[in-house]
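Q: Before I ask anything, here is the structure I am working with.
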Amino acid sequence: MAVDATIEPTSAPAVAAGPKKPKLHGRAFYESLGSPKYIVAPMVDQSEFAWRMLSRSFHPESERASLLAYSPMFHARQFLESQKYRDQHFQATRPGSNTPWLDGNPALDRPLFVQFCANDPEVLLSAAKIVAPYCDAVDLNLGCPQNIAKKGRYGSFLQEDQELIHRMIRILHENLDVPVTAKIRILDTPEATLKYAKNVLSAGASILTVHGRRREQKGHLTGLADWQMIRYLRDNLPPETVLFANGNILQHEDLQRCLAATGADGVMSAEGNLSNPGIFAPPPPPGSEPRGYWRGRDGKGGWRVDEVFRRYLDIIHEHVPAAGPAPARRPLFVPGDDTAWMHEPIEGLPAVNEKGKRIGKPTKRRSDLAKESPDRLAPNFVGMQPHLFHLLRHLVSRHHDVRDALGRTYLGEMEAYEAICSLVEKKVAEGLLEYERTGGKSVEEGGIDGPPPPPPVPAAGEEMDEDDDLESSVRVVRECWRPWWVVQPVIRPLPKEALARGAVQISKKDKKRMAAELEAEEEKSAKRAREEDGEGGEALGGEAAAAAITTA
């Protein structure tokens, strides 16, 4: 049953009185935000307030508003109909008052776009009206490729219903006090994708974000995002169109590569940001590194995991009342400091029995936690464990005691998280001391601490096959590699690598599509050969291939 677009739930947050700003559109709206070039992507339960604050913390305070961030994706119907759902996902005002609090707080959390998934225009509008006073724009998710989106008929599974997409964007454009934006995935051809983009823009979207992967590209079949498809849109859409690019962002250097290759106004990162929330900030100049930033003898560096862990916990302590005050912290360790603290026992780790199982209830369901302490379900608590596993991915693959302690920690259990942070600090200190003791050889000579082997070198007289290189992630893994105590991306094998390893089985439909792609690539190679033989035609540049190699 449709919901009347003019009716909002009576339990919606009250809106503080104030002067109404004129509604801007398109590039005028984008420029009013300061024309941000870097964007924290919307992610389910993973781009919540604390994470947005952490991502902004790597910029000088005067520049933090230059980083645009999206809320997690909210389900429009649940957001509209359930006060509990709203309380657990969006905390714009303090309970029982109109006082700005966390999400969308003008002093802390702007610019902010709030994203919804939906398939009903009226429901979407009613949900959007609740958040509109606390954000700069409302975004429609048209890109989610997961099976839950297929079952719920939202995200990328609406792309066959362009008329519905147009109606949903149009109703927001015509009835909200803030602009509407949208995030899509590319389709099979440039022409189809361009038609899709034009439909979204004609409905009233002020900003279009394009993820350069098709709906089928997920999991082991994720592969590379197609920056050239985004460039095609840039070249064929009206110049005033504000376009954000998404895909292939693994490290800070990829941001400018993407902007140059696509011509987009801004670049969005999801997984790169999850692995390194400081990805948008330029690294400190050599010689001016703070304690929390490590630089190796080869000149490569990055933020230390213990520094990022500390920052994250401090933000939780500062803004989540149930977390309590942050403990006193000694300066982060660097070689040359006193090491006596490394021999002190760490208190607060989850207690286990002789079998390594946590003492007490074997599991803590969310319903149990809600009965004990409803504050435990605060959105900034919910994201902690997955965030930390992502940040510590390379550390926990070596230090299983950290992995096990993190896995045993319950939602909102700050004492345990603090103890794990202390354990991580100790592990990092040991790694740094070993690095200094061996003159860097502890991570330069291979093994579990060392970088992956280099790509195979062609034999004398042979040339590197660009196509073969594009099907391998080895070069990219080596370029992005840092010691385990530094935050760094998690790099998936490319689809053909995953198939060769037996990590994935492809369907008949995917086999047919891959065969068609192979045929197209062979035709492209043949065309290039003809051009090199002087048969005319426009030469195919290698810049895109180079960008893809370095940003897989």
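Q: Take the residues in the stretch 67-92 that are out of contact with any Leu (no Cβ under 9 Å at 6 or more places or on another chain) and hydroxyl-bearing (Ser, Thr, Tyr); name whichever of them is nearest to residue 113 (Cα to Cα).
A: Per the criteria, the residue is 85.
Q: Go through (1) within 18 Å of residue 182 (Cα to Cα); (2) crowded, with 22+ Cβ neighbours inside 10 Å and name the single condition residue 90 misses.
A: (1)
Q: Is there any pair linking a residue in the stretch 129-149 that is in contact (Cβ under 8 Å) with a residue 24 or more places away in the chain and under 15 Å from residue 216 (Cβ atoms) to one that is in a helix (DSSP H, G or I) and open to solvent by 10 Å² or more (accessible area, probe 1.4 Å), with Cβ under 6 Å and at least six apart or on different chains, and which?
A: What qualifies is 149/157.
Q: So, one more: Could you give me the residue pairs with C-beta distances under 8 Å whose first residue belongs to the stretch 423-452 and is hydroxyl-bearing (Ser, Thr, Tyr), whose second residue is modelled with pLDDT of 85 or more and open to solvent by less than 30 Å² (accessible area, probe 1.4 Å) wherever it lies, and which are 6+ apart or on separate chains?
A: 435/296; 435/483; 442/431; 442/435
Q: Name every residue in the stretch 46-66 that is under 15 Å from residue 320 (Cβ atoms) and either assigned to a helix (DSSP H, G or I) or open to solvent by 60 Å² or more (accessible area, probe 1.4 Å) (or both), in order of residue number.
A: Scanning the stretch 46-66 gives 49, 50, 51, 52, 53, 54.
Q: May I ask you to verify whether residue 192 is of a type in the set (Gly, Ala, Ser), open to solvent by 10 Å² or more (accessible area, probe 1.4 Å) and outside any loop (DSSP other than H, G, I, E, B)?
A: Taking the combined requirement at face value, the residue satisfies it.
Q: Here is a further query. Testing residue 74 on (1) outside any strand (DSSP E or B); (2) in contact (Cβ under 8 Å) with a residue 40 or more places away in the chain, one condition comes back false. Which one is that?
A: With (1) outside any strand (DSSP E or B); (2) in contact (Cβ under 8 Å) with a residue 40 or more places away in the chain applied to residue 74, the lone miss is (1).
Q: Residue check: is residue 115 among the polar types (S, T, N, Q), open to solvent by less than 20 Å² (accessible area, probe 1.4 Å) and within 15 Å of residue 45 (Cβ to Cβ)? Give the derivation first.
A: On the way: among the polar types (S, T, N, Q): yes; open to solvent by less than 20 Å² (accessible area, probe 1.4 Å): yes; within 15 Å of residue 45 (Cβ to Cβ): yes.
When the stated conditions are applied, residue 115 passes them.
Q: Out of 205, 197, 245, report the one residue that is in a loop (DSSP other than H, G, I, E, B), open to solvent by less than 10 Å² (accessible area, probe 1.4 Å) and closer than 18 Å to residue 39 by Cβ.
A: Of 205, 197, 245, the one residue that is in a loop (DSSP other than H, G, I, E, B), open to solvent by less than 10 Å² (accessible area, probe 1.4 Å) and closer than 18 Å to residue 39 by Cβ is 205.
Q: Inspect the stretch 114-124 for any residue being within 20 Å of the chain's Cα centre (by Cα), part of a strand (DSSP E or B) and closer than 18 Å to residue 33 by Cβ and give the result as yes or no. It would help to see each step written out before you state the result.
A: Looking only at the stretch 114-124, we keep the residues that are within 20 Å of the chain's Cα centre (by Cα), and these are 114-117.
With the extra rule that they be part of a strand (DSSP E or B), the set shrinks to 114-117.
Remaining after also requiring closer than 18 Å to residue 33 by Cβ: 114-115.
Among the residues of the stretch 114-124, at least one is within 20 Å of the chain's Cα centre (by Cα), part of a strand (DSSP E or B) and closer than 18 Å to residue 33 by Cβ, which makes the answer yes.
Q: All but one of (1) outside any helix (DSSP H, G or I); (2) open to solvent by less than 20 Å² (accessible area, probe 1.4 Å); (3) of a type outside the set (Ser, Thr, Tyr); (4) more than 23 Å from residue 112 (Cα to Cα) hold for residue 230; state the number of the condition that does not hold.
A: (1)
Q: Looking only at the stretch 288-344, filter to residues that are among the small types (Gly, Ala, Ser) and free of Cβ contacts under 8 Å to residues at least 60 places away in the same chain; which one of those is surrounded by the fewest Cβ atoms within 10 Å (Cβ to Cβ)? Steps first, please.
A: If we filter the stretch 288-344 for residues that are among the small types (Gly, Ala, Ser), which is where we start, we get 288, 292, 296, 299, 301-302, 322-324, 326, 328, 336, 340.
From the residues that got through so far, the ones that are free of Cβ contacts under 8 Å to residues at least 60 places away in the same chain too are 288, 292, 299, 326, 328, 336, 340.
Numbers: 288: 8, 292: 20, 299: 7, 326: 15, 328: 5, 336: 8, 340: 7.
Looking at residues that are among the small types (Gly, Ala, Ser) and free of Cβ contacts under 8 Å to residues at least 60 places away in the same chain, I get 328.
Q: Let me ask something additional. Going through the stretch 265-293 one residue at a time, which ones are of a type in the set (A, V, I, L, M) and farther than 20 Å from residue 223 by Cβ?
A: Across the stretch 265-293, the qualifying residues are 279, 281.
Q: Can you find a residue in the stretch 169-187 that is open to solvent by less than 10 Å² (accessible area, probe 1.4 Å), farther than 30 Å from residue 497 by Cα, at pLDDT 95 or above and in a helix (DSSP H, G or I)?
A: Yes, the stretch 169-187 contains a residue that is open to solvent by less than 10 Å² (accessible area, probe 1.4 Å), farther than 30 Å from residue 497 by Cα, at pLDDT 95 or above and in a helix (DSSP H, G or I).
Q: How many residues are surrounded by fewer than 24 Cβ atoms within 10 Å (Cβ to Cβ), within 15 Å of residue 111 (Cβ to Cβ) and in contact with a Pro (Cβ under 7 Å, 6 or more places away or on another chain) when one looks only at the stretch 30-45?
A: 2
Q: Inspect the stretch 415-438 for any residue being surrounded by fewer than 16 Cβ atoms within 10 Å (Cβ to Cβ), part of a loop (DSSP other than H, G, I, E, B) and modelled with pLDDT of 65 or more and give the result as yes or no.
A: Yes, the stretch 415-438 contains at least one residue that is surrounded by fewer than 16 Cβ atoms within 10 Å (Cβ to Cβ), part of a loop (DSSP other than H, G, I, E, B) and modelled with pLDDT of 65 or more.
The values are calculated or read from the model by the stated rules, or taken from the named source; none is laboratory data. Worth saying up front: this structure is predicted, and the values here are computed from it rather than measured. When we count neighbours, we look across all protein chains shown, and the Cβ atoms used for this are built from the backbone with ideal geometry, even at glycine. What goes into the accessible areas is simple: the full protein's heavy atoms, side chains included, and nothing from ligands, DNA or RNA. Shrake-Rupley method; radii C 1.70, N 1.55, O 1.52, S 1.80 Å.
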